[in-house]
Amino acid sequence: LHAHYVLQLLYETRKVLSLMPNINVLSTSYSRDITICGDLHGSLDDLLLIFYKNGLPSQQNRYVFNGDYVDRGENSMEILIILFVFFLLYPNDLHLNRGNHEDYIVNLRYGFTKEVSRKYKV
């Protein structure tokens, strides 16, 4: 995705996140499933497999992603782009929690910063 569109996506995602509370309170019931995922660590194949097996996020198919989307794998940016697009489409049905790999220092150490620099020449 061209850097211009990535920046637009980041801007819109930040705008929506800034309006939301710091703590997500969710309730489940027998009639509404929710899929909880964590530790993708840049593995796009894992995210695509999750969506293949459980369906794409929607109002009827809710998800919680418990952080650690980035670092280690080669496709952290692609994962963020996909998750942020679904988050903007379904802000009440796709929840994004921050993990320790969504920290600046951890990004420097484990590779996300290099990935961004490589894919989007700064």
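The values are calculated or read from the model by the stated rules, or taken from the named source; none is laboratory data. Please read these numbers as outputs of a predicted model, since none were measured by experiment. Backbone-built Cβ (ideal geometry, glycine too); neighbour counts: all protein chains shown. Ligands, DNA and RNA are excluded from the accessible area calculation, which covers all protein heavy atoms including side chains. Shrake-Rupley method; radii C 1.70, N 1.55, O 1.52, S 1.80 Å.
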Which residue fluctuates the most in the chain, going by a Gaussian network model with Cα springs under 10 Å, if the choices are L80, L47, L56?
L56
Most fluctuating of Y69, Y52, Y30 in the GNM of the chain (C-alpha, under 10 Å) is Y30
Against the 2.2 N^0.38 Å scaling, with N counting residues, where does the chain land? I'd like the Cα-based Rg ratio to two decimal places.
1.06
As a test of the formula, what do you get for the chain when each DSSP H run with n ≥ 4 contributes -39,500 (n - 2.57) and the sum is divided by the residue count, at 222 nm and rounded to the nearest 500 deg cm²/dmol?
-14500 deg cm²/dmol
Take every DSSP beta bridge with both residues inside the chain and express the antiparallel ones as a percent of the total, to the nearest 5.
10 percent
Compute the distribution of all C-alpha to C-alpha distances in the range 69-122, in bins of 5 Å from 0, and list the percent of pairs in each, rounded to whole numbers.
4, 21, 25, 24, 15, 10, 2
To the nearest 10 degrees, how steeply does helix 44-54 sit against the main Cα axis of the chain, on a 0 to 90 scale?
10 degrees
What's the center-to-center distance, using Cα atoms, between the range 16-39 and the range 87-122 in Å?
19 Å
What do you get for GluC sites (Glu not before Pro) in the range 1-102 restricted to DSSP loop and a cutoff of at most 15 other Cβ within 10 Å of the site's Cβ?
E74
Relative contact order, percent, of the range 31-120 when contacts are C-alpha pairs under 8 Å separated by at least 6 residues?
31 percent
Over the range 31-120, average the accessible area per residue using a 1.4 Å probe and give it in Å², no decimals.
55 Å²
Write out the trypsin sites (Lys or Arg not before Pro) in the range 51-122 meeting two conditions: DSSP loop, and at most 10 other Cβ atoms within 10 Å of their Cβ.
K121
Of the heavy-atom accessible surface of the range 19-122 (probe 1.4 angstrom), what whole percent is carbon and sulfur?
54 percent
